[in-house]
Amino acid sequence: MVTRSATLRQLIATCWIYQMNTVMNRQTGSSNEVIRMRNSRPGSSHTQNDTPPSSPAQTDERASRACCFCWCCCCTCSCLTVKNGTNKPDRSGTRNSEPVNEEPLTIEEIRSWAESFDKLMRKATGRKVFREFLRSEYSEENMLFWLACEELKQEQSSEGVEEKARLIYEDYISILSPKEVSLDSRVREKIDRNMVEPTPHTFDEAQLQIYTLMHRDSYTRFINSQIYKKLIQQYS
């Protein structure tokens, strides 16, 4: 048992050293500096042997071949990039907040939310309160996905549609996302086909499915929640 533990520690230490050497190779000197130094030596010639053994091109190639089952962290694996959150676009403030025109709430409007789910979702103020309730139930991603689909429908440029569709897929459809929404396999397969050439309506069926899920699963609890009851008391 002691021998196996020592062997495992030695393997982990070796992988850590390899990873540190890889990072240092990337940070020390550029390929142009290496070529300049070699050209300064007498009798230097541009041959295949002059290529640095660990050039950025080779590093990128090695990264592209890296396996997602790597557990020792000694390679530049794309799955590690996803987990560590590096090289990802800054999405702070995008689709996590809805512009709300702060219209004064009335008791009549608040009571109308209990009449139908459509009336609740029709107004930005209603969606904002309902979203707070969903957050308390750890299902806020359903509202975020629905809002992102609404935003996609307003996009005019093809480049904007493609970019927003990609972000929606990564944030709410991908099984690797912590904000993945619950969709059946048929809808997922249809989305995968639509993503070949995304349009403003790529996620329409998925959006309807999530809308129905919020209506049937969360809406009744919201009407009976303390959040809603306290709001009625506050404006009565």
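Structure notes:
- Per-selection Kirkwood Rh - region 171-223 (Cα, Å, 1 d.p.): 12.1 Å
- Quarter of the Cα convex hull surface for region 135-200, i.e. its orientation-mean projected area (nm²): 4.5 nm²
- In plain terms, the chain from T212 to N224 could stretch by 2.5 nm, reckoned as 0.36 nm per residue minus the Cα-Cα distance.
- Relative contact order of region 107-235, defined on C-alpha pairs under 8 angstrom at six or more residues apart (%): 28 percent
- Order of S112, S157 under a 10 Å beta carbon neighbour criterion, fewest first: S157, S112
- The residues neighbouring Y235, those whose beta-carbon lies less than 14 Å from its own, together hold a net charge of 0 under the Lys/Arg +1, Asp/Glu -1 convention.
- Low-density loop cleavage sites - GluC sites (Glu not before Pro) in region 134-212, where at most 13 other Cβ are within 10 Å (DSSP): E137
Laboratory data are not the source of any read-out in this text; all were calculated from the coordinates shown. Note that the structure is a prediction, hence the values are computed from the model and not measured. For neighbour counting, all protein chains shown are included, and Cβ atoms are generated from backbone atoms with ideal geometry for every residue, glycine included.
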